[in-house]
Amino acid sequence: MNILITAGGTSESIDSVRHIANYSTGRLGGIIANKFASKNSTVTYLHGSGAILPSAENANYIKKIPISNTRELLQKLENLLTNHKYDCVIHSMAVSDFTPQAISSLEDIIASVVSRLHHGKANHDADLATLVKEAILSAGHPPTDSKLSSNNENMMILLKQTPKAIKLIKALQPNTQLVGFKLLSHATKTELYQAATNLLTQNACDYVLANDLSQISGDTHKAILINKSGHTRTAQTKQEIAEIIYKAVTEESQ
């Protein structure tokens, strides 16, 4: 089989030395890659720059491609899915939901609000959130390649939503098997199942691996794999997660 796996996390730059990231290590993605590679599947491993990599013993079966931010992920995904056919895409990467749009000091934002109101540039009927957003965009600047001064006591960052990378996958390869991942924190079983089902239906996934941060510790990693029919498989460790995903994907392709 020809498999594409995304793993690790993305990192969104604020300036040349600061960034917004998440806690994903890519360890689970690496274990899944090892499982498929050990069965002679060809794996493309698209990973965040700090992600744990698959074992060297499987190097002949795994092509590793690093990315840093969501924009690079989208570009690489589009290129790979346009130029290569995959039997399955396992999208385990923790992709940033937001990226910096504008950065400014609190003092500059206040000055911008006052100026906009004084000179009639602001819509007096607009709500406070809209007024502040307009002020940040007016007073601020986009993420910079230089280092922001540490002399400012209060800095404000306006974040904007990033595109959902998972939506590209079935749009570009409708016949591939897609395994999505849903992570919540301290959710009930009902909430976790519903969130996973929503992800599955909204993105045409064939499977979703649902897990909760409160049930991940050391070797313990409790998870549920849900398919389109609502059938579930459970796992207690990362290795078992790799096993149930491998079994589900290979059974479906037979």
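The values are calculated or read from the model by the stated rules, or taken from the named source; none is laboratory data. Source: prediction; values computed, not measured. Cβ: placed from backbone, ideal geometry, glycine included. Neighbour counts: every protein chain shown.
Being outside any loop (DSSP other than H, G, I, E, B) and touching a residue at least 60 places away in the same chain (Cβ under 8 Å) is the filter here, so list the residues in region 1-25 that pass it.
Across region 1-25, the qualifying residues are Asn2, Ile3, Leu4, Ile5, Thr6, Ala7, Gly9, Glu12, Ser13, Ile20.
Residue-wise test of (1) part of a strand (DSSP E or B); (2) modelled with pLDDT under 95; (3) surrounded by 13 or more Cβ atoms within 10 Å (Cβ to Cβ).
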{"residue": "His221", "(1), (2), (3)": "yes, no, yes"}
{"residue": "Ile226", "(1), (2), (3)": "yes, no, yes"}
{"residue": "Gly230", "(1), (2), (3)": "no, yes, no"}
{"residue": "Arg233", "(1), (2), (3)": "yes, no, yes"}
{"residue": "Glu243", "(1), (2), (3)": "no, no, yes"}
{"residue": "Ala248", "(1), (2), (3)": "no, no, yes"}
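Do we find a residue being in a loop (DSSP other than H, G, I, E, B) and in contact (Cβ under 8 Å) with a residue 60 or more places away in the chain anywhere in region 175-185?
Start the filter on region 175-185 by keeping residues that are in a loop (DSSP other than H, G, I, E, B), which leaves 175-176, 185.
Right, trim to in contact (Cβ under 8 Å) with a residue 60 or more places away in the chain and you get 176.
Yes: region 175-185 contains one or more residues that are in a loop (DSSP other than H, G, I, E, B) and in contact (Cβ under 8 Å) with a residue 60 or more places away in the chain.
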Candidate set: region 145-180, residues that are more than 30 Å from His91 (Cα to Cα) and surrounded by 12 or more Cβ atoms within 10 Å (Cβ to Cβ); chosen: the one modelled with the lowest pLDDT = Asn152
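I'd like to know if region 62-72 contains one or more residues that are among the charged types (D, E, K, R), buried (at least 18 other Cβ atoms within 10 Å of the Cβ) and farther than 24 Å from Lys222 by Cα.
Step one: list which residues in region 62-72 are among the charged types (D, E, K, R), which gives 63-64, 71-72.
Subset that is buried (at least 18 other Cβ atoms within 10 Å of the Cβ): none.
So far as region 62-72 goes, no, none of its residues is among the charged types (D, E, K, R), buried (at least 18 other Cβ atoms within 10 Å of the Cβ) and farther than 24 Å from Lys222 by Cα.
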If a residue has to be part of a helix (DSSP H, G or I) and either without any contact (Cβ under 8 Å) to a residue 40 or more places away in the chain or farther than 19 Å from Asp87 by Cα (or both) to count, how many in region 31-70 make the cut?
-> 10
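Quick one: would you say Val43 is touching a Leu at 6+ places or on another chain (Cβ under 6 Å) and under 17 Å from Gln177 (Cβ atoms)?
On the way: touching a Leu at 6+ places or on another chain (Cβ under 6 Å): no; under 17 Å from Gln177 (Cβ atoms): yes.
So Val43 does not fit the description; no.
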For region 122-136, pairs from a residue that is farther than 17 Å from Asp108 by Cα to a residue that is surrounded by 10 or more Cβ atoms within 10 Å (Cβ to Cβ) and at pLDDT 65 or above, with Cβ under 8 Å and 6 or more apart or across chains, are Asn123/Thr130; Asn123/Leu131; His124/Leu117; Ala126/Glu134
Is one or more of the residues making up region 105-116 modelled with pLDDT under 80, of a type in the set (S, T, N, Q) and assigned to a helix (DSSP H, G or I)?
-> yes
Is it true that some residue in region 11-24 is surrounded by fewer than 17 Cβ atoms within 10 Å (Cβ to Cβ), basic (Lys, Arg) and in contact with a helix residue (DSSP H, G or I) (Cβ under 9 Å, 6 or more places away or on another chain)?
-> no
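Against the condition under 21 Å from Lys182 (Cα atoms), outside any strand (DSSP E or B), in the same structural domain as Ser185 (by TED's automatic domain parsing) and in contact (Cβ under 8 Å) with a residue 40 or more places away in the chain, how does Leu28 come out, does it pass?
Numbers: under 21 Å from Lys182 (Cα atoms): yes; outside any strand (DSSP E or B): yes; in the same structural domain as Ser185 (by TED's automatic domain parsing): yes; in contact (Cβ under 8 Å) with a residue 40 or more places away in the chain: yes.
Yes: the conditions hold for Leu28.
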Region 15-61, subset at pLDDT 95 or above and among the β-branched types (Val, Ile, Thr), residue nearest to Lys247 (Cα to Cα) = Ile32
